[in-house]
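Below is one structure, written out as structure tokens, with a few remarks after it.
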Amino acid sequence: MHEVDMTRYLLQTLEDWREQHPVQPHVGTVHLLVGEFTCVEPSQLRLSFVAAVEDTWLAGTRLSIVPVPLVGECLVCGSSYRPDPACGYASPCCGHPLEIIISGRELKIQRIDYIRPCSPVPSNPCS
Ligand SMILES: [Zn+2]
């Protein structure tokens, strides 16, 4: 199942990210860019993520899925267009088949909202 693999990849990325922090950050929301052309079903991905992070340091983390539309560029007429599966993804102006995908294949973390646990406040030497 595609979404399970994606979740595994996502957790690994978050794990790597955590290792860059001396103190474990408290993650609120992970914003994910998901291209229309990745065949990832957002609701499935969310379910898979929630199940995978249960009882881990990411338990309770929200997954915000930001859809990215599929946009192609025609090599023949140079136009950017939204490929339509009903038309075989071909260029609407000249019918040339889709060759260049500008966007829609993304599957990446856009940003992570988190709270850095406070380090002990240094005592004021003047007080
Ligand atoms: Zn064209």
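Any read-out appearing in this document is the output of simple, stated calculations on the displayed coordinates, not a laboratory observation. Predicted, not measured: the structure shown is a model, and the values here were computed from it.
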Checklist entry - Using modelled backbone amide H atoms (1.01 Å from N, in-plane), which distant-in-sequence or interchain residues come within less than 5 Å of residue 114's amide H? => result 28
Checklist outcome for this item: For residue 65, the residues 5 or more places away or on another chain with a placed amide H closer than 5 Å to its own amide H are 32
Checklist entry - So what is the relative contact order for segment 23-91, in percent, with contacts set as C-alpha pairs under 8 Å and at least six apart? => result 32 percent
Checklist outcome for this item: Relative to the chain, whose Cα atoms define the longest principal axis, helix 42-53 and its Cα axis are tilted in degrees, nearest 10, by 30 degrees
Next on the checklist: Let me check against my output: what whole-number percent is the relative contact order of the chain, with C-alpha pairs under 8 Å and at least 6 apart?
Outcome noted: 33 percent
Checklist outcome for this item: GNM on the chain, Cα springs under 10 Å; top mean-square fluctuation among 112, 65, 102 goes to 102
Checklist entry - Antiparallel DSSP bridges in the chain: what percent, to the nearest 5? => result 65 percent
Item to check | Residue among 40, 23, 50 with the largest mean-square fluctuation in a Gaussian network model of the chain, springs linking Cα atoms under 10 Å | outcome: 23
